[in-house]
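**Q** Quick one: the structure is below, questions incoming.
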Amino acid sequence: MNPDVIPDEVPLAEGASPAMAQWFALKARHPDALLFFRMGDFYELFFADAEAAAAALDISLTARGRHRGEPIAMCGVPVHAAQAYLARLIRRGFRVAVAEQTEPARKPGPGVPKGPLSRDIVRLVTAGTLTEDELLEPGRPSLLLALAEGPARRGATRFAAPIGAAWIDVSTGLFETVSLAGPGALAELLGRLDPAEILSPEGMALGDFESRRGPSQIPPPAPAAARARLAEPFGAASLDAFGTFSDEEAMAGLVVLDYVRDSQAGQLPRLSRPSSQGNGEAGEAGRLGLDPATRASLELLRSRDGSTEHSLFACVSHTVTAPGSRMLASWIAGPITDLGRIVARQDAWSFLAGEQPCSALLRLALRGAPDIARALGRLSVGRGQPRDLGALRDGLFAAREAASVLDQPVHSLATLPVLLSRARICLDAAQALEQRLDQALAADLPARLDDGGAIAAGFDGELDAERALRDDSRRVIAALQMQYAQRFGVASLKIRHHAQLGYVIEVPVSAAAQMKTHGSVVLRQGTASSARFSTDELADLDRRIGEAAERTARRERLVFASLVAEALAQPDLPAIAEALALLDVAQSCATLAATGRWCRPTLSDDAAFCLTAARHPVVEAALTRPGRASAENRFTPNACDLSPDRRMMLLTGPNMAGKSTFLRQTALAVILAQAGLPLPADAARIGLVDRLFSRVGASDDLARGRSTFMVEMIETAAILNLAGPRSLVVVDEIGRGTSTLDGLAIAWAVLESLHGAQRCRTIFATHFHELGELAETLPGLSPHTMSVREWKGQVVFRHEVVKGVAGRSWGVHVARLAGVPEPVVRRAGRLLASLEKTRAASKPPLPLFAAAGSAVPGRDAEPDTETSTFDPSEIAALRIAMDAIEPDQLTPREALDALYRLKSIFAASHDVAVASSVDTLF
Ligand code: ADP
């Protein structure tokens with residue numbers, strides 16, 4: 001947990017007033033949470049809580065009484081606006097314990113006990129245990145994740161102990177677990193789930209998710225006890241009833257379950273039975289491996305700036321409901337490797353794409369369908385309001401509508417693809433509940449049950465009778481007002497309800513004296529402008545009306561509770577909610593496919609890879625945004641063929657030519673294909689990818705003290721350690737950020753390894769054009785370049801991938817395009833010409849390749865570039881020379897001189913003593 005959000009220490013409770021003593025007792029139960037202490041219409045915060053909340057919410061800090069001689073800092077938020085304040089506090093990383101009054105306010109009087117009202121904590125609000133719509137993002141899950149370290153297994157391939165992970169979405173009841181092989185797999189899981197709050201053993205590193213760490217947990221019980229206690233709330237004797245769970249999964253499962261129970265004051269929300277996602281050796285079983293760097297570079301659900309606008313999700317989604325968005329987001333975040341499941345998803349949307357009228361009707365039926373799962377979540381923790389039952393009613397209506405669309409005469413269950421037919425079977429499983437809610441609920445539902453009027457007239461006889469009585473009393477009041485006005489001779493007399501005094505006669509001050517002449521009235525209160533009186537008759541009526549209103553409210557609460565119980569007892573609601581979400585995703589995909597620009601990829605269980613006229617959906621959408629669309633801004637589609645005999649593409653070309661776009665669009669094609677979604681291409685054939693590595697775009701990690709080059713090497717190491725023949729690797733500019741020769745050598749060695757050792761499908765984008773020469777010795781390598789045209793001294797990027805190697809870099813042209821001042825650009829141009837002349841004169845251009853010559857290792861040879869391409873003494877001399885250069889210490893002039901000298905060393909013949917030349921460099 002973020003240490004900044006844990007309030008400072010609480011002062012000693014001794015000497016506290018009775019109300020404050022109660023505060024101290026409640027605060028002690030959750031010392032690291034802010035305590036919202038209900039006092040009338042406000043939640044009040046005290047001491048350090050008040051200071052922290054006032055600063056975070058920008059509300060005024062006041063003082064209330066004194067404690068141990070010091071004023072007590074206080075701030076408060078009105079109960080009716082509490083949600084908005086809670087949302088802000090949770091977003092800032094706070095946890096909030098909400099203490100409510102557990103007895104009704106007392107009217108002071110004889111025999112009425114004094115002292116503070118009793119209060120208790122009814123809920124702990126934390127980022128991972130939210131249920132309210134105001135606090136949740138509708139289209140994204142809200143997950144609480146628990147981790148537990150398992151006992152190291154005999155025969156485990158890694159030294160790290162396995163990690164059990166279990167997550168619950170309190171808002172929908174989802175409960176899943178998985179067992180992970182180690183920290184790498186954990187990083188991938190965190191990226192996929194993006195949990196709102198994480199409960200993890202103290203020493204376990206959470207990487208970029210460290211700020212989501214919840215409070216440290218009591219160690220989970222022994223595995224056997226965890227298994228038993230986890231099965232208990234689901235009415236099973238053993239966890240085995242729900243599948244196979246490892247010990248660590250059971251331990252994590254119990255941690256997450258206990259935390260949820262604790263946060264809801266001992267009550268568990270309605271949860272699905274825990275479902276194990278299996279054991280993953282390298283990553284998660286059955287899922288495409290995506291490490292955090294890959295995820296960051298692909299901007300799947302959010303772009304780098306954290307917004308959703310320019311993400312892959314935003315381009316793909318045509319969903320019309322929040323549950324549909326959540327399902328689509330989880331598909332995109334966690335593509336799979338099971339061919340059967342992928343094809344089933346494809347079949348579902350392809351069917352609708354071929355039945356456009358049906359798809360359009362389905363969209364109509366779903367549009368505005370409420371979020372059944374989240375309404376159910378709130379109802380199950382006793383936080384449901386009339387509109388949540390309304391959501392079930394309207395959701396079930398939408399489900400019936402959707403069912404009738406799928407039942408159109410042309411379709412039968414037999415012709416529907418399997419996912420659609422499964423969904424269809426669920427849809428009308430709760431018709432009885434729908435009818436009942438339809439009869440029971442008023443057409444216009446109040447926001448809160450306490451507002452009254454949730455239950456329709458005619459549904460419950462007793463409620464109707466209470467209401468009649470209550471309303472009748474109101475009529476009686478109106479009649480009495482007229483009667484009193486006449487009797488007391490005050491035409492402006494009103495009978496009003498007053499919070500403390502109940503019903504009173506209210507007259508202007510000017511009429512007070514006249515009122516007092518009547519012996520039957522008693523003055524209750526006088527203000528500057530009016531006087532309030534009561535009579536015995538009015539007091540009696542007040543009591544009767546109050547009782548009738550209370551009886552009505554009580555009856556309404558009772559009827560509501562019985563309806564909630566009926567809804568919670570209906571076992572099919574979660575399946576109906578899921579079926580509706582699936583139909584929404586399917587119609588969303590069908591809508592994309594209907595544009596004719598998104599295809600259904602063919603997936604296979606081999607190493608095929610061929611995209612025809614593929615596009616980058618986000619870049620394309622940005623180019624064709626209204627106002628920008630023009631012939632110039634049209635997106636250029638590109639093919640990508642990484643078939644086994646040319647599985648590695650070397651991509652050269654200047655900056656801004658479209659290399660990164662091409663790399664990313666290829667990676668995104670894999671994500672979409674294995675999520676079971678349509679692709680932005682004319683056609684695609686993809687052999688299932690087990691792990692996808694994308695390293696595109698600078699990834700500085702200066703915050704953690706790593707230079708760009710260090711990060712790049714760490715990420716390169718991860719690829720070389722984990723990629724295999726079923727993987728796809730797209731990398732941009734490996735070897736930048738160090739000296740040219742260093743970089744070139746690293747790029748060369750990595751390229752060779754990917755080709756010969758990992759043997760994965762690869763696109764390797766580089767500025768080292770020299771690497772093109774490796775095509776002669778690496779048979780799977782096909783050099784490609786971004787085509788560029790020069791026109792009237794200007795460079796024109798065509799964004800087209802063509803065969804070949806870039807002839808030049810065009811860097812100076814790009815500098816001009818970027819607005820580098822003209823004199824600098826011209827000077828750079830002259831320098832470049834001069835450098836190129838020197839380079840041409842010194843043959844060969846880089847001894848690296850000359851030396852490599854025939855010694856370039858063959859396809860399957862051990863790639864040992866150092867011995868095969870350099871003379872060791874030359875390498876040593878090279879290192880000394882490079883080490884001697886301190887780029888940050890050099891003036892531009894010295895740098896240029898150093899460059900000339902370095903080049904002259906390499907141009908010199910081999911019998912020149914390189915080491916001695918180094919001494920003359922400066
Ligand atoms: P590089 O990685 O070569 O520097 P980028 O991939 O970043 O180049 O592309 C630079 C810009 O060129 C993009 O922002 C986009 O506007 C445009 N672009 C890239 N690829 C295409 C394409 N295939 N069709 C049209 N415009 C493109």
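**Q** With θ set to phi - 60° and the Karplus curve 6.51 cos²θ - 1.76 cosθ + 1.60, what are the ³J(HN,Hα) couplings of region 180-194 in order, to the nearest whole Hz, using x for Gly and Pro?
**A** 10, 6, x, x, x, 5, 5, 4, 5, 5, 4, x, 5, 7, 6
**Q** Now a separate question. Mean projection of the alpha-carbon convex hull of region 682-802 over all orientations, in nm²?
**A** Numbers: hull surface 40.4 nm².
In nm², the orientation-averaged hull projection of region 682-802 is 10.1.
**Q** Just the number, please: Stokes-Einstein D of the chain in µm²/s, Kirkwood Rh from C-alpha pairs, 10 °C, 1.306 mPa s. Intermediate values should be presented prior to the final figure.
**A** On the way: Rh = 33.1 Å.
Using the Kirkwood radius from Cα pairs, D works out to 48 µm²/s.
**Q** OK, next. What are the ³J(HN,Hα) values, in whole Hz, obtained from phi via the Karplus relation 6.51 cos²θ - 1.76 cosθ + 1.60 with θ = phi - 60°, for each residue of region 544-558 in sequence order, with x given for Gly and Pro?
**A** After applying 6.51 cos²θ - 1.76 cosθ + 1.60, I find 5, 5, x, 5, 5, 5, 5, 5, 4, 5, 5, 5, 5, 5, 5 Hz.
**Q** Turning to a different aspect of this structure: Please give the calculated 222 nm ellipticity per residue for the chain, where each DSSP H segment of at least 4 residues contributes -39500 (n - 2.57) and the sum is spread over every residue; nearest 500 deg cm²/dmol?
**A** Details: 30 runs with 385 residues, N = 922.
The per-residue figure over the chain is -13000 deg cm²/dmol.
**Q** Express the relative contact order of region 177-287 as a whole percentage, based on alpha carbon pairs under 8 Å and six or more residues apart in sequence.
**A** Once divided by the residue count of region 177-287, the mean separation gives 40 percent.
**Q** Output ³J(HN,Hα) for region 454-463: one whole-Hz value per residue in order, computed from phi by the Karplus curve 6.51 cos²θ - 1.76 cosθ + 1.60 with θ = phi - 60°, and x for Gly and Pro.
**A** 7, 8, 5, 5, x, 7, 10, x, 5, 4
**Q** Sort 404-415, 548-559, 137-148, 711-722 by the packing proxy (mean of other Cβ within 10 Å over each peptide's residues), most packed first. Let's see the in-between values first.
**A** Values: 404-415: 13.0, 548-559: 16.8, 137-148: 22.8, 711-722: 18.3.
The packing order, highest mean first, is 137-148, 711-722, 548-559, 404-415.
**Q** May I ask for the distance between the Cα centers of region 372-449 and region 329-343, given as a whole number of Å?
**A** Answer, in whole Å: 26.
**Q** Angle between the Cα long axis of helix 339-353 and the longest principal axis of the chain, 0 to 90 degrees, nearest 10?
**A** 70 degrees
**Q** Continuing with the same structure: Which residues does a label at Arg646 reach in region 657-674, if reach means a backbone N under 17 Å from a point 7 Å past the Cα toward the Cβ?
**A** 663, 666
**Q** A further question follows. For region 245-390, what class follows from the C-alpha gyration tensor (a ≥ b ≥ c being the square roots of its eigenvalues): rounded when a/c is under 1.5, otherwise prolate if a/b is larger than b/c, else oblate?
**A** Numbers: a/c = 1.67, a/b = 1.12, b/c = 1.49.
Oblate.
**Q** Further question: Just want the ordering: Lys494, Lys114, Lys803, from fewest to most Cβ atoms lying within 10 Å of their own Cβ. Present the calculation step by step, with values, prior to reporting the outcome.
**A** Numbers: Lys494 14, Lys114 7, Lys803 10.
Ordered by Cβ neighbours within 10 Å, fewest first: Lys114, Lys803, Lys494.
**Q** Here's something else I'd like to know. At what distance in nm do the modelled label points of Leu558 and Glu836 sit from each other, each positioned 7 Å from its Cα along Cα→Cβ?
**A** 9.3 nm
**Q** May I pose another question? Between helix 872-884 and the chain, what is the angle of the helix's C-alpha long axis to the longest principal axis, kept within 0 to 90° and rounded to the nearest 10?
**A** 50 degrees
**Q** Right, something else. Can you tell me which aspartates and glutamates have their Cα less than 13 Å from the Cα of Lys803? Leave out same-chain residues fewer than eight positions away.
**A** Of all the aspartates and glutamates, those that pass the test against Lys803 - Cα under 13 Å, at least 8 places apart if same chain - are Asp641.
**Q** Working from Cα positions, state the angle (0 to 90°, nearest 10) between the long axis of helix 708-722 and the longest principal axis of the chain.
**A** Around 90 degrees separate the two axes.
**Q** Which FRET efficiency value, to the nearest 0.05, is calculated for Gln483 and Glu550 with the Förster distance at 22 angstrom and r the Cβ-Cβ distance? Write out the running numbers ahead of the final one.
**A** Numbers: r = 26 Å, r/R0 = 1.17.
About 0.30, to the nearest 0.05.
**Q** Continuing with this model, one more query. Run down the aspartates and glutamates and flag those whose C-alpha is under 18 Å from the C-alpha of Lys837, throwing out any fewer than 8 positions away in its chain.
**A** The qualifying aspartates and glutamates are Glu770, Asp897.
**Q** How much of the DSSP bridge set in the chain is antiparallel, in percent, rounded to the nearest 5?
**A** Values: 63 of 98 bridges.
Counting only bridges with both partners in the chain, antiparallel ones make up about 65 percent.
**Q** Using Cα pairs closer than 8 Å and at least 6 residues apart in sequence, work out the relative contact order for the chain, in percent. Before the final figure, lay out the partial values.
**A** Working: 1587 pairs, mean separation 76.3, N = 922.
Once divided by the residue count of the chain, the mean separation gives 8 percent.
**Q** Could you let me know the centre-to-centre spacing of region 238-255 and region 266-328, using Cα atoms, in angstrom?
**A** Here the two parts' Cα centres lie 23 Å apart.
**Q** Follow-up. For region 652-782, what relative contact order do you get, as a whole percent, if you take Cα pairs closer than 8 Å and at least 6 residues apart?
**A** Values: 153 pairs, mean separation 32.8, N = 131.
Once normalised by length, the contact order is 25 percent.
**Q** When a/c reaches 1.5 or more, the comparison of a/b and b/c decides; with that in mind, is region 290-339 rounded, prolate or oblate per its Cα gyration tensor? All intermediate terms of the calculation are to be shown ahead of the outcome.
**A** Details: a/c = 2.40, a/b = 1.10, b/c = 2.19.
Here region 290-339 falls in the oblate category.
**Q** Would region 304-379 count as rounded, prolate or oblate if I go by the C-alpha gyration tensor, calling it rounded below 1.5 in a/c and otherwise prolate when a/b exceeds b/c, oblate otherwise? Intermediate values should be presented prior to the final figure.
**A** On the way: a/c = 1.40, a/b = 1.05, b/c = 1.33.
Judged from the Cα gyration tensor, region 304-379 comes out rounded (a/c under 1.5).
**Q** Ok, one more. May I ask for the net charge around Val79, where only other residues with Cβ less than 9 Å from the Cβ of Val79 are counted and Lys, Arg are +1 while Asp, Glu are -1?
**A** Result for the local shell: 0.
**Q** Report the local net charge at His498: Lys and Arg +1, Asp and Glu -1, summed over other residues whose C-beta lies under 9 Å from its C-beta.
**A** Values: positive: Arg496, Arg524, Arg532; negative: Glu506.
Every neighbour counted, the sum reads +2.
**Q** Just add up the charged neighbours of Cys426: K/R +1, D/E -1, any other residue whose Cβ is under 15 Å from the Cβ of Cys426. Write out the running numbers ahead of the final one.
**A** Details: positive: Arg400, Arg422, Arg424; negative: Glu401, Asp407, Asp428, Glu434, Asp572, Glu578, Asp584.
Net local charge, Cys426 excluded: -4.
Throughout, read-outs are computed from the coordinates displayed, never taken from laboratory work. Note that this is a predicted model, so its numbers are computed, not measured. Here Cβ is always computed from backbone atoms with ideal geometry, including for glycine, and neighbour counts include all displayed protein chains.
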